[in-house]
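Okay, structure first, notes after.
The values are calculated or read from the model by the stated rules, or taken from the named source; none is laboratory data. The shown structure was predicted, so the numbers you read here are calculated from the model rather than taken from an experiment. Ideal geometry is used to build each Cβ from the backbone, glycine not excepted, and the neighbour counts take in all protein chains shown.
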Amino acid sequence: MSTKFEAACIRGVHRAFKLHMKFTDGLPLTFAPEAFIQGQIALELAKLGVFVTLESPVYEALSDAGAELRGKKSKRMGGRFDLVTYWKTMKPRLLIEVKKLRRKDAISADAKRLRQTVGRGGSTRSGLVVVYADAKKPQTIQGRIDYAARTKGCKLTARTGPIAFNADWDGGDKWHYEVACIRVRPNPSFKRTRLRRSA
């Protein structure tokens, strides 16, 4: 089920695509750093009236959310979330990762970290992976997104369908891109088993 957050994320990626094509005279987001896409998504989320941060430290977000901090620490606990939105109480709400799908299994590590993080409880309810993919054939993009959506604990909640554009670097041939949002739910056994072990 798509929400206003998915819609804002998709608008942000569309905006990033158009701006990057303009800046670079025709290059799509495959050639852009993911931070560029993150910034445009943050602008769209801010229009919803929500507080949003970029590159938030994982441990800090967990602490602010009132999540369980005991238990075995993941290697990525020292990492950062691409974006975090907040409730009106200024507690973390939605943890967001942005990913360019160059290969089918590109979101597996991010999805695992989001499952484990949300599984620690607190004010966060779910994670969201916003994916972007481009290719000459629409079927190639659809295959990547369908595969990513089958990642454990994930559910495809919004997608645009392939959008055609002219690839100037490829002789002006028609290429396609697509944006999709994949919700990540907590691993129900994570908190019950791993945290109990450390108590």
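Can you tell me which residue within region 102-151, out of those that are at pLDDT below 90 and among the hydroxyl-bearing types (S, T, Y), is nearest to H176 (Cα to Cα)?
By that ranking, first place goes to S108.
Check whether at least one residue in region 116-127 is within 23 Å of P33 (Cα to Cα), in contact with a Pro (Cβ under 9 Å, 6 or more places away or on another chain) and of a type in the set (V, I, T), and report yes or no.
no
Looking at (1) crowded, with 20+ Cβ neighbours inside 10 Å; (2) more than 14 Å from the chain's Cα centre (by Cα), can you tell me which one E97 breaks?
(2)
Any idea how many residues of region 1-52 are more than 24 Å from K91 (Cβ to Cβ), in contact (Cβ under 8 Å) with a residue 60 or more places away in the chain and outside any loop (DSSP other than H, G, I, E, B)?
The qualifying residues number 9.
Hey, among the residues in region 39-83 that are β-branched (V, I, T) and touching a Phe, Trp or Tyr at 6+ places or on another chain (Cβ under 9 Å), which one's modelled with the lowest pLDDT?
So the residue we want is V58.
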